[in-house]
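Structure, as structure tokens:
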Amino acid sequence: MQLTRKAKTVSTDSKPTLGINRRQFMKGAAGATGGIAAATILGNGMMRKAEAADYIPHNTPTEIKRTICSHCAVGCGIYAEVQNGVWTGQEPAFDHPFNQGGHCAKGAALREHGHGEKRVKYPLKKVAGKWQKISWDQAINEVGDKMLEHREKSGPDSLFFMGSAKFSNQACYMYRKFAAMWGTNNVDHSARICHSTTVAGVANTWGYGAQTNSFNDIQNANAIFFIGSNPAEAHPVAMQHILIAKERKNAKIIVVDPRFSRTAAHSDLHCAIRPGTDIPFIYGMLWHIFENGWEDQAFIDSRVYAMDEIRKEVAKFPPKEVEDVTGVAEKDVYMAAKLMAENRPGTVVWCMGGTQHHVGNANTRAYCLLQLALGNMGVEGGGTNIFRGHDNVQGATDLGLLFDTLPGYYGLSTGAWKHWSNVWELDFDWVKGRFDNNEYLGRVPMNTPGIPCSRWHDGVLESAEKLAQKDQVKMAFFWGQSVNTETRQNDVRDALDKLDTVVVVDPFPTMAGVLSDRPDGIYILPACTVFETEGAVSNSGRSQQWRQQVVQPLFESKTDLEIMYLLAKKVGMAEQFTKRMRVDGNIVNLDDIQDEINRGMWTIGMTGQSAQRLREHTENWGVFDFKTLEAPGGKLKGETYGLPWPCWGTPEQKHPGTQILYRTGRHVLEGGGNFRARYGVEHNGTNILAEGSYSKGAEIQDGYPEFTDKMLKQLGWWDDLTADEKASAEGKNWKTDLSGGIQRVAMKHGCIPFGNAKARSIVWTFPDPAPVHREPLYTTRRDLIAKYPTYEDRQVHRLPTLYKSIQDKDLSGKYPLALTSGRLVEYEGGGEETRSNPWLAELQQEMFVEINPADAAERLIRDGDDVWLEGAEGGRIKIKAMVTPRVQPGVTFMPYHFAGVMSGESLEANYPEGTVPYIIGESANTALTYGYDPVTQMQETKSSICQIVKA
Ligand code: SF4
């Protein structure tokens, strides 16, 4: 395909104008408050000035709907006011257990979704360079025909299914199932580029890859340690809980971040590490902890395996070495360790500043090691509070919307496929027959992770011989995900040019719809926002909330589930797709989907939360305690809000949910636990089960393996099963027994179904069993590469992956500034939705780079100047300079929410009419570069290099 790029250069001053006149107030509010306090200032009065009120008779009755903010995983509750089917007002829920009336600027602007001037309003197809309106029938028929055509020519893996962290849990589950029925693992979503390294690192340390405690529980902490996390902007309402701990308990706040962030402004100690040096910093803290005997040896002896291996690694990082590598003064590293040691329990919080590195999985394991050494796990006020970004990125991860697993982290082994075929009541051979069963580069597609969302473009551009699948990706769905969140935007655009068929399914066109100048082969299908449908979403603390439908689908939009069903029908797999579910017209019954989720998700205990139980919790959110999250009385007495998993057994067994993971101080039936026995019972001849540690009331008062039918028989507990349960449990284990009998009996005896083991300090199946510092692929500290080199180039799943061949090229002379990136309070993710919201668009109108005054002075750059920033792979962007000591000399920072301008060229002409967001700007990812975690394929957006010159 030959394409001509439109060379229309715009200055950053000529953005689309807003046409609304509250700018001064809104800008003032943002400047004064930033994140957390904006909530109360922007709250109610603003929202009541709804444009739609003009059309509603004065005395029209108001219906109140309970909804959940869609902009981060705190999960704030909002009351939406609806009159005559129009969303006319909103209130933050003062009786909600997460936010108690707080919300940030994004939450305050939610009602705009109910109007959506900038949305895609009907299905569109590009013909000869022009967007044309088409019918849904035509759209489904043509898209379905293309799917079948590519399947026929290039196999099922020639399609890529990008999914969404905005789907409800029910839609997440069905989208993963859709990909499975289609016969591919080329399905993924934005967790790949936010917390995939957390999931891998943390799950492989103690069992589950999720936040261990809750936002509310932070109120119990005596120390709060942030590394690569800036909740004052990214999770503003979480700050409520943090500031309560600070005010009521004098909790110490330590912030480790290359920038002096808004969260750092609340801290007792800020350590500005050089980007990409998390492991040396943590090892530096552990050096002092071990040196001073501050570790919790009793905890380590009973609940941690191989901490001695870590001591050996830590010994390589004495104070001087840590100062040299991280750039943080010896005394500050010591103080960070001391504050954590003297103020227990303390919690560790991290976000994408920690995860988005090519050593991301090792970073997350290092953070866990700090908590294990201090004995801070499984207790109130402790744990690892890993804040997630989108409203349902936790649920999407749990439900397997990932390239490397089926729902519930079952993986992709044949056993996993058999389990889910059993759940679906489908013949395993039929499911297998949907896949390409040939072998490529020694890998069989059905059992091999697919193409990750961080690198779908490599699946398009890389030669077919280098891919572990039959052919390149020819057709891609971008369903609720912005591609400007991926690094290497020039390659992303080349891949969009090259794909035969692009299908965007979204309320907005997103960058997948407009980045390429291609004249045809592209469709945009209007999906509803989350407020035009209902379903459950999981917040970062694993609590599920049943979001009520606020308004009917706007324009010609359809729900995600309906679009999936129409496509399944078109390509001939609807019968299998919905075998166990009622379908009314094209609407699949939500309760039946939830029932099937409960039928299969035994691994994480996402089995006890029926649709009815979840609805009951949301309808009664006011009865749950703001600190403990438990209902103190009434019908839901003892239950934890949102039934956070594990909510063991069947819904009828009424498990209360688990707010704090691995908490031995509680009985399993009250949310207690211990570390999971996931890696066998011994390693190199050494026992790895817990020693003398067990959860309250356990009849096995020591470590034990995971429960199976055989174990029940050995223990003499088999006859506790009913006859039906016995029939189901025979030959099965706690993860595959669909009756839940094995889990029920284990819990009856006070035991945790997944066993009781030690956390492991080393992950012997990973490239680096103990976390190892490796300099970023692009680094300004070339002198450290010999000592801390990256990996050799290697094949990771389906894609060749470069490491050493990139690091070997010295580009530090041309690009002398370290480059990192992050989030702003006003926008979310790729920003298409929030930059199209006039109320938010007023708050932040320019894409910018933060540069230290010393670096700016050297370049004769003044605050507010236009500058060109060029990344190490040649990606150039024209943006504003923000000259600020917030970043250290030699370090620069950019937000990543902007798009719509590329290398100085406006992309406005590529948008369908009326859909250009109020704010467009250069994407940080045009300048950000190669670099992928070898376990998860996380991209390295937090440590690259660049040069900046005045424009
Ligand atoms: Fe709450 Fe997050 Fe929404 Fe802000 S963006 S209102 S903190 S859920």
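The values are calculated or read from the model by the stated rules, or taken from the named source; none is laboratory data. Small disclaimer: the values here were computed from a predicted structure and weren't measured. With ideal geometry, Cβ positions are generated from the backbone for all residues, glycine too; neighbour counts draw on all protein chains shown. The area values use the complete protein model at the heavy-atom level, side chains included, leaving out ligands, DNA and RNA. Shrake-Rupley method; radii C 1.70, N 1.55, O 1.52, S 1.80 Å.
Taking a cut-off of 15 Å between Cα atoms, list the aspartates and glutamates near Lys569, but don't count ones fewer than 8 places away on the same chain. Answer for Lys569, where 15 Å is the Cα cut-off: Asp137, Glu142, Asp145, Asp560, Asp584, listed by chain and number. Would you mind telling me the antiparallel percentage of the DSSP bridges in the range 782-950, rounded to 5? DSSP beta bridges in the range 782-950 are roughly 65 percent antiparallel.
If you plug the beta carbon distance of Asp783 and Asp95 into 1/(1 + (r/R0)^6) with R0 = 56 Å, you get a FRET efficiency near 0.45.
For the range 782-950, the tally of Lys pairs with Cα-Cα distances below 29 Å comes to 18, considering only residues 8 or more apart or on different chains.
In the chain, the C-alpha radius of gyration followed by the widest Cα-Cα span (Dmax) gives 26.2, 81 angstrom.
Charges were assigned to the Cβ only: +1 to each Lys and Arg, -1 to each Asp and Glu. The resulting dipole of the range 196-386 about its Cα centre is roughly 280 debye. Residue pairs exceeding 27 angstrom between C-alpha atoms, taken from Lys470/Lys579; Lys146/Lys579; Lys177/Lys570; Lys474/Lys735: Lys470/Lys579; Lys474/Lys735. Can you list the lysines whose alpha carbon sits under 24 Å from that of Lys635, skipping same-chain ones fewer than 8 residues off? Those lysines meeting the cut-off are Lys65, Lys627, Lys654, Lys748. Annotation: extensible slack from Asp584 through Arg862 equals 93.9 nm (criterion: 0.36 nm per residue apart, minus Cα-Cα distance).
A 1.4 Å probe run over the range 782-950, with the rest of the protein chains in place, finds 29 Å² accessible per residue.
Taken about its Cα centre, the chain carries a charge dipole of about 620 debye when Lys and Arg each add +1 at the Cβ and Asp and Glu each add -1 at the Cβ. For the range 196-386, the relative contact order comes to 34 percent (Cα pairs under 8 Å, sequence separation of at least 6). Expressed to the nearest 5 percent, the antiparallel share of DSSP beta bridges inside the chain is 55 percent. Mean projected area of the Cα convex hull of the range 589-651, taken over all directions, amounts to 4.2 nm². 3J(HN,Hα) along the range 403-415, derived from phi through the Karplus expression 6.51 cos²θ - 1.76 cosθ + 1.60 where θ = phi - 60°, amounts to 7, 10, 7, 8, x, x, 6, 6, x, 10, 5, 4, x Hz, with x in place of Gly and Pro. If you plug the beta carbon distance of Glu330 and Val444 into 1/(1 + (r/R0)^6) with R0 = 56 Å, you get a FRET efficiency near 0.60. Close amide H partners of His683, meaning residues 5 or more places away or on another chain with modelled amide H under 5 Å apart, are Ile688.
Farthest towards the positive end of the charge dipole of the chain, among the residues Gly731, Thr559, Phe626, is the Cα of Phe626, using unit charges on the Cβ of Lys, Arg, Asp and Glu. Each part gets one Cα centre, and for the range 711-774 versus the range 922-938 those centres are 37 Å apart. Dividing the summed -39500 (n - 2.57) terms of all DSSP H runs of n ≥ 4 by the residue count of the chain sets its mean residue ellipticity at 222 nm at -8000 deg cm²/dmol.
Taking every lysine pair in the range 196-386 that is 8 or more places apart or spans two chains, those with Cα atoms closer than 21 Å amount to 10. Note on the chain: dipole from Cβ charges, positive end direction compared against Gly163, Val849, Ile193; the farthest Cα belongs to Val849. For the range 782-950, the alpha-carbon radius of gyration amounts to 1.12 times the rule-of-thumb value 2.2 N^0.38 Å expected for a compact globular protein. When only Cα pairs below 8 angstrom with a gap of at least 6 residues are kept, the chain shows a relative contact order of 17 percent. The antiparallel fraction among DSSP beta bridges confined to the range 401-523 stands at about 20%. Within the same chain, lysines fewer than 8 places from Lys130 are excluded, and of the rest, those with a Cα less than 19 Å from its Cα are Lys6, Lys8, Lys118, Lys121, Lys498. Using the alpha-carbon centroid of each, what span in Å lies between the range 474-506 and the range 585-611? Using only Cα atoms, the two centres lie 31 Å from each other. Here r is the Cβ-Cβ distance between Ala909 and Trp136 and R0 is 25 Å; the resulting FRET efficiency, rounded to 0.05, is 0.40. Each of Tyr694, Phe215, Asn756 was placed along the dipole of the chain (beta-carbon charges, centred on the mean Cα), and the one lying farthest toward the positive end is Phe215.
Please compute the contact order of the range 377-520 in relative form: average sequence separation of alpha-carbon pairs under 8 Å and at least six residues apart, divided by the residue count, as a percent. Value for the range 377-520: 15 percent. Checking the a/c ratio against 1.5 first, then a/b against b/c, what shape does the Cα gyration tensor give for the range 196-386? Taking the square roots of the gyration eigenvalues as a ≥ b ≥ c, the range 196-386 is rounded.
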